[in-house]
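Here the structure is laid out as structure tokens; the discussion comes afterwards.
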Amino acid sequence: MEERILFFLPGQCSGCGICEMACSLRNFGRCSLEESHIQVLRHPRLGTAVVAVDTGCEKCQQCVKACTLEAIRFAAEPEWGTLLKEGWMASPVLAREPQQAETGAA
Amino acid sequence: MWYGYAGRYAVVDLTKGEVSKFPLDEDIARKFVGGRGFIVNWLYEWVKPGTDALAPEMPIVFAVGPLTGTIAPSSGRWTVGCKSPQTGIITVGIGGGQFGAHLKWAGFDAIIITGRAQQPVYLMIEDGNIEIVSAPHLWGKDTTEVEAAIRAEQENWDVHVATIGVAGENLVPTTTILADRARSAGRGGAGAVMGSKNLKAVAVYGTGSVPIYDAASAMEEALRMTRQLMTEKHFSTYLEWGTTYFLDRYTKAGGLMTFNAQKGIFPDWREMDGRVYKDRHWLGRLACFGCPLPCSSYFQVEKGPRNGTFGEATSASTLKELGARVGVKDLRYILDCHVEVDRLGLDLISAPATVAFAVEAFEKGIIGKTATDGLPLEFGRGDVVLELLRRTAHREGIGEDLAHGSRACAERWGKGSHRLRSDSKGLEPPATDPRAYPAWALGYATSSRGACHMRAYSVFEFGGVAEDQAERMQVPMSVNQRLEWRGKGRGVAFFEDLRSLGDSLIACRFVARNSLAFPEEQVGILNAVTGLGFTVRELDLVGERITNLERLFNLREGMGPEDDTLPERYLKEPLTEGDSAGRVVPLEPMLEEYYAARDWDRGTGEPSEGKLRELNLISHDNTEEGDA
């Protein structure tokens, strides 16, 4: 199977988190940071973001569709070199599974 | 089972140190939707008329809306409201950042806070729990330091903090509350109300989820709205410049309040425009949670008197209030003052507006060096502005007067200084001169919290209203013409109600600036998220209900129709330069049209009985008949 990995463009990603809402909604029917396969790691003050993804991601592309800044994309091997030269970074993969949120809505 | 909503709110009594949690009432959700609607509903119910805004029993309410913390575009916003110590009427502010989304994920739609703690405290809200935490060690810290301190002691770097600066601690009425360091809300002294309760901060951390009624439809609607937003004219400009590029337009119109509105064009505007900011100081883009149109940024001032100043959330107001209004052209000082305003917890509009008022009063000999402890006040001096802001926050010397805003200064100083005022109902407007913008002028005059440009945010005055929108608003297409006044009374009333609804969902003003402001565009996602089956007609009524209930609150506090006005400078002294030369505000005919559109009595200011009945507010009537 063709390997497609998630890339993000540092500086372009604003850290807004719409991708996380899209992922949790598509995959779990709820909106939650915890229940998202894509994880935006933000600096608490500067907001600078690193976009990571967990091992459960099925590459459904919902996060990509939700991003107005076109700061994330999935790419197959032939594109990797070009993207890296253009400043894109491959998203780190987190060994985590989304936890069902116990709290929140009453 | 609630969808969209957390389905729960809390009441915190700081005097007793008690926290109580209550299920949300579906009737309140249907009538007021959330956010600003919830706040006015509870304030009307909880506030005993005539009570001092800083009395312990006065409530201050934080609330989010059904769309907060969801896929909806711009779902990070939060609201806070109370009776204002600056104006004596209601104030509800809408802020950004990440704070709002976390409050929802922590499991609350609203927090009502009353009482006064014996010693400084903060609230730690985390996944259904609320703890009142002792905080004498945070008293005296600025807003950025407070956030860092709470994150460190909670050992959690994802805690989001809404806090006051030293100005709020000192009960300065021209204060706001700052979330995520720089996301301000609550003009008119919400910061002082927190200070009066010995409440330094509200910290939130939520790991919960928001259940969505119809996930597929919510996704579809969110993406549709986002695509629509991306076709609008302001999308690319906001993305590129935030709101800082607008000085061209104000300058052309001659409507940029300069030297305390003595002029409408700032001669040096090109030296401190958005382009200069972008070129010399801009470092990167910042977004509020869930925002498809990030307009915020961070910056550093690398040279000059305060080398190394780091800041964020620059906006058009930064340049207007701390630049043109006080005559400062050195962007380094402007940005320095911007950082200081946020760290001290001052209002970015009222505090500098009062400084500008004082400088003109000094130049006209109304106050002298005795009043300023020897400090010479003159326009264009960034160091003087910085010093006066500092004195305001600490209530030192002349700062004791400035702290209360320009109307209070005029009352204290006399000697005709009231002619230099810019406020309506005691709250200063932004430095957009109302003489150049009739709908904005009317919005300043009728706003439920005093001169706020965001109550109506009448963007139709900048053009671009389509025929179907004009038909929906029941206004002539001439509302697109800036200096025309006809139709703007009705247009402002309509837009005030749109904004009241938007502040309840909550939708950001800039995302829902144009087409997305209309309930027709919002009802789809609201129903997909909540499953409550709202109709467009219901949402129209929600917006109108909120505006009317704020009106009833203010009438009950003694405000009258004579307060829907502007200072005489704007009604009698024409602008002298630019495309608006010769203009004053044609207020009276617009007010006539506005009152007719609202079905409010021009003599008493009260909504008609028929209007109250239509809005299901008859039990809220202030008159004896209503009580019967």
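The values are calculated or read from the model by the stated rules, or taken from the named source; none is laboratory data. Quick caveat, the model's predicted, so the values are computed rather than measured. Neighbour counts are summed over all protein chains in view; Cβ atoms, including those assigned to glycine, are modelled from backbone coordinates with ideal geometry. Side chains included, ligands, DNA and RNA excluded: accessible areas come from the protein's heavy atoms. Shrake-Rupley method; radii C 1.70, N 1.55, O 1.52, S 1.80 Å.
For this structure, a couple of remarks:
- Interface B-A: total buried accessible area of about 3100 Å², 1.4 Å probe, protein heavy atoms only.
- Anchor A:Lys85: aspartates and glutamates whose Cα lies under 19 Å away (excluding residues fewer than 8 positions away in-chain): A:Glu70, A:Glu77
- 3J(HN,Hα) along the range B:472-482, derived from phi through the Karplus expression 6.51 cos²θ - 1.76 cosθ + 1.60 where θ = phi - 60°, amounts to 4, 7, 6, 10, x, 4, 5, 4, 5, 8, 4 Hz, with x in place of Gly and Pro.
- In this structure, A:Ala76 and B:Thr237 have a Cβ-Cβ separation that, at R0 = 51 Å, corresponds to a calculated FRET efficiency of about 0.90.
- Working value for chain B: equivalent-ellipsoid semi-axes of 33, 29, 25 Å, each the square root of 5 times a Cα gyration tensor eigenvalue, largest first.
- Simple point charges give the picture: +1 on the Cβ of Lys and Arg, -1 on the Cβ of Asp and Glu, and for the protein assembly as shown a dipole about the Cα centre of about 1420 debye.
- Cα centre as origin, Lys/Arg/Asp/Glu Cβ charges: the range B:1-58 dipole, Debye: 180
- Computed label-point distance, nm, for sites B:Trp46 and B:Gln118 using a 7 Å Cα→Cβ extension: 2.3
- Per-q log10 I(q)/I(0), the range B:243-420, q = 0.15, 0.18 Å⁻¹ (Debye; single scatterer per alpha-carbon; no solvent): -0.83, -1.13
- Whole-number percent relative contact order across the range B:438-614, with pairs defined as alpha carbons under 8 Å at least 6 apart: 24
- Relative contact order (%) - criterion: Cα under 8 Å, at least six apart; region: the range B:258-388: 23
- Using the 1.4 Å probe convention, the accessible area of chain B works out to 31 Å² per residue with neighbouring protein chains retained.
- Chain B: calculated mean residue ellipticity at 222 nm from DSSP helix runs of at least 4, using -39500 (n - 2.57): -11000 deg cm²/dmol
- Per-residue 3J(HN,Hα) values for the range B:87-96, derived from phi via the Karplus relation 6.51 cos²θ - 1.76 cosθ + 1.60 with θ = phi - 60°, read 10, x, 10, 6, 9, 10, x, 10, x, x Hz in sequence order (x marks Gly and Pro).
- Of every Cα-Cα pair in chain A, the percent that sits beyond 23 Å: 25
- If R0 is taken as 41 Å, the Cβ-Cβ distance between B:Glu562 and A:Val50 corresponds to a FRET efficiency of 0.10.
- Sulfur and carbon atoms: percent of accessible area, the protein assembly as shown [1.4 Å]: 48
- Projecting the Cα atoms of B:Val61, B:Met194, B:Gly115 onto the charge dipole of chain B (Cβ charges, centred on the Cα centre) puts B:Met194 farthest toward the positive pole.
- Reduction of at least 10 Å² in accessible surface, 1.4 Å probe, comparing all protein chains with the chain by itself, residues of the range B:198-221: B:Thr207, B:Gly208, B:Ser209, B:Val210, B:Pro211, B:Ile212, B:Ala215, B:Met219
- Residues of type lysines that B:Lys141 reaches as a straight line, Cα spacing below 24 Å, ignoring anything fewer than 8 places off in the same chain: B:Lys197, B:Lys200
- Counting only Cα atoms, the size of the range B:438-614 along its three principal axes is 54, 37, 24 Å, in decreasing order.
- For the range B:419-462, the spread of Cα positions along each principal axis, largest first, Å: 28, 21, 13
- Largest accessible area first, the listed residues B:Glu387, B:Glu411, B:Glu155 line up as B:Glu155, B:Glu411, B:Glu387 when surface is computed with a 1.4 Å probe on the assembled protein chains.
- Calculated Rg and Dmax of the protein assembly as shown using C-alpha coordinates, Å: 24.4, 83
- For B:Gly284, residues with placed amide H under 5 Å, excluding near neighbours: B:Tyr298
- Cα gyration tensor, the range B:267-320 - rounded (a/c under 1.5), prolate or oblate: oblate
- Between 0 and 90°, nearest 10: helix A:18-28 axis offset from chain A longest Cα axis: 60
- Cα centroid of the range B:558-591 to Cα centroid of the range B:278-351, whole Å: 30
- Average beta-carbon neighbours from other chains, 10 Å sphere, peptide B:67-74: 4
- Debye log10 I(q)/I(0) for the range B:309-385, one point scatterer per Cα, at q = 0.11 Å⁻¹: -0.27
- Taking a straight Cα-Cα cut-off under 14 Å and skipping sequence neighbours fewer than 8 places away in the same chain, the aspartates and glutamates within cross-link reach of A:Lys59 are A:Glu2, A:Glu3, A:Glu20.
- Using the Cβ-Cβ distance between B:Ala216 and B:Lys572 with R0 = 60 Å, the FRET efficiency computed as 1/(1 + (r/R0)^6) comes to roughly 0.55.
- A simple spin-label model places pseudo-atoms 7 Å from Cα toward Cβ; at B:His418 and B:Thr535 they are separated by 4.9 nm.
- Charged-residue dipole, Cβ positions (Lys, Arg, Asp, Glu), the range B:438-614 about Cα centre, Debye nearest 20: 280
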